[in-house]
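Notes to accompany the following structure.
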Amino acid sequence: MRFVQNNLSHIRPDDVLLVCTLRNERIRLPYFMSYYRKLGVSHFLFIDNDSDDGSREYLTGQQDVTLWHTTASYKKARFGVHWVNWIARKHCHGHWTLTVDPDEFFIFPFSDTRPVKALTDWLDSSGRRSFPAMLIDMYPKGRIDAQPYREGQNPFEIAQWFDSGNYMVSKNEDYGNLWIQGGPRARVFFHEDPYNAPSLNKIPLVKWHRSYTYVQSTHMLLPRGLNAVFDTEGGEMAAGALLHAKFLDTFVEKTQEELRRREHYAGSREYLAYNSRLSEDPDLWCNWSEKYINWRQLEILGLMSKGNWA
């Protein structure tokens, strides 16, 4: 990786940071940046994996952005995990750090009225070093490509719906984290093999220490104690959600690009499944779909929790 823009000197000791790996996400970046700035993120650390759509040029010149560029293989970097760990270890030590993709939007209890710093202050006072968020796939009603997404638009004006149930939860005994699968991807794209559907459990917010490391995407960490983000004695620990804006009209072109590159997990199995169903123009909406309102709705459904944070 090489620096495109180094604004690391702008980072203050109490800043909340965000780390993100991207490739060809220019159309998403204006809303993504606006969303996380409003949430309270102070500095963005981007790894650009050789975009050719203007993503790198768009980010250059923004004072709260530090940007790296690499032409290396995403697959050989363990699907970007090595890049993220290196940057977090070197530049995020001592900071609460969000690690998200350009189509993931973090919400937490009271996020409609409180900044992320309120959450991290509470986590500090509670002695917690990590905070989980279930990935919730959002989708439109009707064909995925029926309504074009405009640059700067809130993607959830289009992708308004989600599965209120249909989730499988188990425990990964090796790392001690929960393993969650289900939602529209399991229901539509992996209906014949739901146990190979993408995992929805993530731990995107961590008070980073240079000794920490993500093992597989943001699904789990080492040391193992960072994965203990759920109550094993019948109570509830505070947890958030990541609203996943994958299913926009841009998804069709993105699927074709990733099938050409074959840089994703398990021989791009996930994108092969997408491609096989996209030819049928699938509608992800079903009779059990629920229209998104706010975080309180997700708490009522048991998809996130405020725990003992009042």
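The values are calculated or read from the model by the stated rules, or taken from the named source; none is laboratory data. Owing to the predicted nature of the structure, the values given are computational and were not obtained by experimental measurement. All Cβ positions, even for glycine, are placed from backbone atoms using ideal geometry, and neighbour counts span all protein chains on display.
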(request) Please work out which residue is farthest from His209 (Cα to Cα), limiting yourself to region 95-116 and to residues that are of a type outside the set (Asp, Glu) and out of contact with any strand residue (DSSP E or B) (no Cβ under 8 Å at 6 or more places or on another chain). (result) Thr113
(request) Please tell me if Gly61 is among the small types (Gly, Ala, Ser), at positive phi, under 19 Å from the mean Cα position of the chain (by Cα) and not in a helix (DSSP H, G or I). (result) no
(message) Residues that are under 15 Å from Met138 (Cα atoms): list the strands (runs of 3 or more DSSP E) wholly contained in region 173-249 that include at least 2 such residues.
(response) 178-182, 240-244
(request) Quick one: count up the residues across region 134-157 that are in contact with a Phe, Trp or Tyr (Cβ under 6 Å, 6 or more places away or on another chain) and of a type in the set (A, V, I, L, M). (result) 3
(request) Could you give me the residue pairs with C-beta distances under 8 Å whose first residue belongs to region 147-173 and is under 13 Å from Ala245 (Cβ atoms) and surrounded by 16 or more Cβ atoms within 10 Å (Cβ to Cβ), whose second residue is basic (Lys, Arg) and at pLDDT 95 or above wherever it lies, and which are 6+ apart or on separate chains? (result) Pro155/Arg28; Gln160/Lys141; Gln160/Lys291; Trp161/Lys141; Trp161/Lys291
(message) Can you report the number of residues in region 239-268 which are surrounded by 14 or more Cβ atoms within 10 Å (Cβ to Cβ), at pLDDT below 90 and among the basic types (Lys, Arg)?
(response) 2
(request) Sort out which residues of region 136-167 are modelled with pLDDT under 95 and hydrophobic (A, V, I, L, M, F, W, C), and write them in order of number. (result) Ile144, Ala146
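Results for (1) in contact with a Gly (Cβ under 8 Å, 6 or more places away or on another chain); (2) buried (at least 20 other Cβ atoms within 10 Å of the Cβ), shown as yes or no for each residue.
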site	(1), (2)
Tyr31	yes, yes
Val41	no, yes
Ser51	no, no
Ser73	no, no
Gly80	no, yes
Leu98	no, yes
(message) Being of a type outside the set (S, T, N, Q), in contact with a Phe, Trp or Tyr (Cβ under 6 Å, 6 or more places away or on another chain) and buried (at least 18 other Cβ atoms within 10 Å of the Cβ) is the requirement here; does Ala186 meet it?
(response) no
(request) Considering (1) surrounded by fewer than 18 Cβ atoms within 10 Å (Cβ to Cβ); (2) under 15 Å from Phe105 (Cα atoms); (3) in contact (Cβ under 8 Å) with a residue 60 or more places away in the chain, say which one Arg37 fails and leave the rest. (result) (3)
(request) Quickly run through region 291-300 and pick out the residues that are under 16 Å from His244 (Cβ atoms) and either among the small types (Gly, Ala, Ser) or assigned to a loop (DSSP other than H, G, I, E, B) (or both). (result) Tyr292
(message) Show me the strands (runs of 3 or more DSSP E) found entirely inside region 1-58 where at least 1 residues are closer than 18 Å to Lys254 by Cβ.
(response) 17-22, 43-48
(request) Show the residue pairs that are 6+ apart or on different chains and have beta-carbon atoms under 8 Å apart, the first residue being within region 108-126 and of a type in the set (Asp, Glu), the second being surrounded by fewer than 19 Cβ atoms within 10 Å (Cβ to Cβ). (result) Asp112/Asn294
(request) Please note which strands (runs of 3 or more DSSP E) are completely contained in region 78-169 and include at least 2 residues that are out of contact with any Asp or Glu (no Cβ under 9 Å at 6 or more places or on another chain). (result) 96-99, 104-107, 130-137
(request) Report, ordered by the first and then the second residue, all pairs with beta carbons closer than 6 Å, sequence separation of six or more or different chains, a first member in region 67-95 that is small (Gly, Ala, Ser), and a second member that is in a helix (DSSP H, G or I). (result) Ala77/Trp83
(message) Can you tell me which of (1) surrounded by fewer than 16 Cβ atoms within 10 Å (Cβ to Cβ); (2) in contact with a Pro (Cβ under 8 Å, 6 or more places away or on another chain); (3) farther than 19 Å from Tyr212 by Cβ is the one Glu25 doesn't meet?
(response) (1)
